[in-house]
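The block underneath contains the structure these notes are about, expressed in structure tokens.
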Amino acid sequence: MTNDECCRGVCAKRLRDGLGARRSQRGYNAFTLIELIVVVGVIIILTGLVLSTVGYARKKGARARAETEIAAMSAACEGYKADNGIYPRDTTNNTTDNLAALTASPTPDPRPTSYDSNDSRYAATSFYLYAQLSGNPSGDRSTYTQRSYFQFKPSMLSPPGGTGTVTAIRDPFGNSYGYSTAQQANSSYGFNPTFDLWSTAGTSNATDAAYERAWLKNW
């Protein structure tokens, strides 16, 4: 065997050994189908846990914010009463008497006039409360003809965004707050002899009395 043939043989062997090693390494590092399925499954589970945690945190934050807003508006109502002798109440159109947080048949659970915060009475009563507390009875967000007892943030009003004529006071869940002076008109209705103020806490379109127990309210 000549030197050239010997060199070619050695080089070919080294080349074969190198290719074999790389193939072996690639085969060793590659994922099997089962491993890929397991990894994807773990990712899906972790994603679900993260999303559920975020959703819970948002809902908890919305409830805390609604409680704060209800307390602040209730305090503003006290200021209104100190000046006017009564809490905000529509005695002309009876708007605030027509939405009761509790009807005359409270057994076995409290029964409001409507569980549905999309009911037009929710928007009507909360707008009346807005008009009296903000001093902006037209709802145009610019013409203030009465004393203001509460400064509403744009996020608290419908439509949101700080523009457009106000139609309702909006809770953190995107629904209208409920406001009622029904007990002043009928002692069998309502929870408080003064006023009832509540958020349905995102349970719009609910028809079951059990939903009322999840409400955020001033009683």
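So what is the relative contact order for segment 66-217, in percent, with contacts set as C-alpha pairs under 8 Å and at least six apart? Working shown, then result.
Working: 304 pairs, mean separation 39.4, N = 152.
Averaging sequence separation for qualifying contacts and normalising by length gives 26 percent for segment 66-217.
Once you list every other residue whose beta carbon is under 13 Å from the beta carbon of G174, what net charge do they have if Lys and Arg are +1 and Asp and Glu are -1? Provide the component values of the computation, followed by the final result.
Details: positive: R58, K59, R65, R170; negative: D171.
That works out to +3.
Sort 95-102, 62-69 for me by packing, meaning the mean count of neighbouring Cβ atoms within 10 Å per residue, highest on top. Intermediate results must be reported in sequence, preceding the final value.
Working: 95-102: 22.8, 62-69: 17.2.
The peptides rank, most packed first, as 95-102, 62-69.
Under 12 Å from the Cβ of S74, count the other residues' Cβ atoms, weight Lys and Arg +1, Asp and Glu -1, and hand me the total. Walk me through the numbers on the way to the answer.
Values: positive: K81, K217; negative: E67, E69, E78, D196.
Cβ neighbours under 12 Å give a net charge of -2.
I'd like to compare 150-158, 32-40: which one has the highest average count of other Cβ atoms within 10 Å, and what's the full order after that? Numbers along the way, then the final one.
Values: 150-158: 16.8, 32-40: 9.7.
Output ranking for 150-158, 32-40: 150-158, 32-40.
Bear in mind these aren't lab numbers, they're just calculated from the coordinates by the rules spelled out. Remember, it's a predicted structure, so these values are computed and weren't measured experimentally. Ideal geometry is used to build each Cβ from the backbone, glycine not excepted, and the neighbour counts take in all protein chains shown.
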